[in-house]
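Asker: Please see the structure below; I have some questions.
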Amino acid sequence: MNGHGPRYALGVTTAPTACPVRRIAHLDMDAFYASCELLRYPQLKGLPVVIGGGRRKEDDLLGKLQAAYPEGEWTEDSFADRLAEIPVNFFPRIEGYTGRGVITTATYAARQFGIGSAMGLMKAAKLCPQAILLPVDFERYRHYSRSFKDIITDIAPVMENRGVDEVYIDFTDVPGGQREGGRVLARLIQKCIFDATGLTCSVGVAPNKLLAKMASEFNKPNGISIVHEADLRPLIWPLACRKINGIGPKADVKLQSHGIQTIGELAAREPHWLIENFGKSHGAWLHAAAWGRDERPVETESEPVSMSRETTFERDLHAVRDRAELGAVFTRLCQQVAADLQRKGYEGRTIGIKLRYDNFQAVTRDQSLSDYTADAQRIRQVAGQTLKRVDLTRRIRLLGVRVGSLVKAGTVPAQGATYSEAIANPPPQANDHGQTQLLFFDD
Ligand SMILES: [Mg+2]
């Protein structure tokens, strides 16, 4: 009945596939922290919700529930399973917030009131007092971060981490990665992430990272934007220069002082003029960026250089008068950094601290060990040593702990030299303020 296999017209040849066109995706999760919270509190969907402020006080919510339902419907055990049942009016509102907390993420409903990331919570409270305020839960966000990145690398293995909620992906050589300029693969990744986590993301696909990063903003949330080289003039040039990742507020002010508002206006300037006014390397970079040129590869092994944790206090603390509080925070930061290192499988040998005083002046100090560690106690000991070298008579606004010179855990064999030898020879600039010893070596 058949006898005829598929037939191909003779004489038709496919064009030799030369070097495939470079297709780079930038994937950015939509309102990531807030979206992670909405997964466990679906009753807050569509409402203005902001994430920020202090640490999680889940017990407050539990206490409220127990008071409202004394029949024991809300035991601590059942609490975690019944988060979705918590009435909306039980959640804390931002109204009347006082303190220094800053918003890390706002839901799209909250953004409609003019609320945005990095805005002070007090300001946000004025814009939208009815917004629900949830504390940050980085543990949870990191969990979802690992999940969505695992899904991506299963599909497209060349992925570069750009933080907890964004990545670059090289589509160029992925099967199907060139179809519709990358749209087909972008859609597949979006769907797989959503099916597995319930989270949405936006993807921009372009000839390079610079353009992909801009493109991922075009269709937020849950959008895909495809940018080709030919789209430079109509899509990119009308945008403000600030849309180029790498042009900060300072550079933007300077560009505007020269009458340059848009990327197109920047592209129109002669390279030598840019170099004269912005220096050799920055000027050349500005020219290339405006013309959509960027050769940076997608770097899969972007090993972290350091890991750190820091906290801004609700009120400025004094090393003597607030000794107990500072000591406890200090210990906690060290434990958090150690936990980060251990979870991600790193050890470091440069341990440092960062302080910001009440006048916003910041100082950092660090000390290197002769071997590597990810141990909380050890980090605290060494970080405590570095504290001897800063002025502790002034009030402190922020405290941070950092571990640098990282290696993958277990890749460097333990050396003969010991930690005590390393700290027995403090750097020459060591400046013992006397009271420090008492302050941070207490427990
Ligand atoms: Mg995002």
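Asker: How many of the residues making up region 218-231 are over 13 Å from MET29 (Cβ atoms) and under 25 Å from the mean Cα position of the chain (by Cα)?
Answerer: Number satisfying all stated conditions: 6.
Asker: A follow-up question, please. Among the residues of region 164-183, is any within 16 Å of the ligand (Cβ to nearest atom) and of a type in the set (Gly, Ala, Ser)? Reasoning before the result, please.
Answerer: Within region 164-183, the subset within 16 Å of the ligand (Cβ to nearest atom) is 164-169.
From what is left, the residues that are of a type in the set (Gly, Ala, Ser) are none.
No; the residues of region 164-183 include none that is within 16 Å of the ligand (Cβ to nearest atom) and of a type in the set (Gly, Ala, Ser).
Asker: Yes or no: ARG365 part of a helix (DSSP H, G or I) and in contact with a helix residue (DSSP H, G or I) (Cβ under 8 Å, 6 or more places away or on another chain)?
Answerer: On the way: part of a helix (DSSP H, G or I): no; in contact with a helix residue (DSSP H, G or I) (Cβ under 8 Å, 6 or more places away or on another chain): yes.
Judged against the criteria, ARG365 is not a match.
Asker: Determine which member of the set ARG142, ARG146, ARG183 is exposed (fewer than 14 other Cβ atoms within 10 Å of the Cβ), assigned to a helix (DSSP H, G or I) and outside the structural domain of GLU37 (by TED's automatic domain parsing).
Answerer: On the way: ARG142 fails: exposed (fewer than 14 other Cβ atoms within 10 Å of the Cβ); ARG183 fails: exposed (fewer than 14 other Cβ atoms within 10 Å of the Cβ).
Answer to the check: ARG146.
Asker: Out of curiosity, is ILE155 in contact with a helix residue (DSSP H, G or I) (Cβ under 9 Å, 6 or more places away or on another chain), within 16 Å of the ligand (Cβ to nearest atom) and among the β-branched types (Val, Ile, Thr)?
Answerer: no
Asker: Still on this structure, please answer the following. Please state which of the following conditions ILE132 fails to meet, knowing it meets all the rest: (1) out of contact with any Lys or Arg (no Cβ under 7 Å at 6 or more places or on another chain); (2) crowded, with 18+ Cβ neighbours inside 10 Å; (3) of a type outside the set (Gly, Ala, Ser).
Answerer: Status for ILE132: all satisfied but (1).
Asker: Just checking: which of the helices (runs of 4 or more DSSP H) contained wholly in region 1-111 hold 3 or more residues that are over 27 Å from SER225 (Cα atoms), modelled with pLDDT of 75 or more and out of contact with any Gly (no Cβ under 9 Å at 6 or more places or on another chain)? Step through it out loud before you land on a result.
Answerer: Numbers: elements: 32-40, 58-68, 76-79, 108-111.
Here the list reads 58-68.
Asker: Any idea which of (1) over 29 Å from ASP154 (Cα atoms); (2) crowded, with 19+ Cβ neighbours inside 10 Å; (3) touching a Lys or Arg at 6+ places or on another chain (Cβ under 6 Å); (4) not basic (Lys, Arg) is the one THR364 doesn't satisfy?
Answerer: (2)
Asker: Condition first: part of a loop (DSSP other than H, G, I, E, B) and farther than 20 Å from ASP195 by Cα. Now tell me which residues in region 152-170 satisfy that.
Answerer: Within region 152-170, the subset part of a loop (DSSP other than H, G, I, E, B) is 156-158, 162-165.
VAL158, ARG162, GLY163 - these are the residues of region 152-170 that are part of a loop (DSSP other than H, G, I, E, B) and farther than 20 Å from ASP195 by Cα.
Asker: Name the residue that is surrounded by the most Cβ atoms within 10 Å (Cβ to Cβ), counting only residues in region 296-320 that are charged (D, E, K, R) and touching a Lys or Arg at 6+ places or on another chain (Cβ under 9 Å).
Answerer: Residues of region 296-320 that are charged (D, E, K, R), as a first pass: 296, 299, 301, 303, 309-310, 314-316.
The next check asks that each one be touching a Lys or Arg at 6+ places or on another chain (Cβ under 9 Å); those that pass are 296, 303, 309-310, 314-316.
Details: ARG296: 11, GLU303: 10, ARG309: 19, GLU310: 17, GLU314: 12, ARG315: 12, ASP316: 17.
Here the answer is ARG309.
Asker: Considering only region 112-159, state which residues are among the acidic types (Asp, Glu), more than 23 Å from GLU299 (Cβ to Cβ) and free of Cβ contacts under 8 Å to residues at least 24 places away in the same chain. Spell out how you get there, then give the answer.
Answerer: So the first thing to find is which residues in region 112-159 are among the acidic types (Asp, Glu), and the list is 137, 139, 150, 154.
Still in the running and more than 23 Å from GLU299 (Cβ to Cβ): 137, 139.
Passing the criteria: only GLU139.
Asker: Take the residues of region 89-113 that are hydroxyl-bearing (Ser, Thr, Tyr) and over 17 Å from LYS126 (Cβ atoms): which is nearest to the ligand (Cβ to nearest atom)? It would help to see each step written out before you state the result.
Answerer: Of all residues in region 89-113, those hydroxyl-bearing (Ser, Thr, Tyr) come to 97-98, 104-105, 107-108.
After this cut, where a residue has to be over 17 Å from LYS126 (Cβ atoms) as well, the list is 104-105, 107-108.
Numbers: THR104: 11, THR105: 8, THR107: 12, TYR108: 12 Å.
Result: THR105.
Asker: In addition: Which one of the conditions (1) surrounded by fewer than 17 Cβ atoms within 10 Å (Cβ to Cβ); (2) part of a strand (DSSP E or B) does ALA339 fail to meet, given that it meets all the rest?
Answerer: Only one criterion is unmet by ALA339, namely (2).
Asker: Six or more apart or on different chains, Cβ under 6 Å: which pairs go from a residue in region 279-298 that's under 17 Å from GLU265 (Cβ atoms) to one that's exposed (fewer than 15 other Cβ atoms within 10 Å of the Cβ)? Could you list them?
Answerer: What qualifies is HIS287/PRO271.
Asker: Counting only residues that are of a type in the set (Gly, Ala, Ser) and in a strand (DSSP E or B), which one in region 343-361 is surrounded by the fewest Cβ atoms within 10 Å (Cβ to Cβ)?
Answerer: Filtering first and then ranking leaves GLY352.
The values are calculated or read from the model by the stated rules, or taken from the named source; none is laboratory data. Treat the numbers as computed from the prediction; the structure is a model and nothing was measured. Ideal geometry is used to build each Cβ from the backbone, glycine not excepted, and the neighbour counts take in all protein chains shown.
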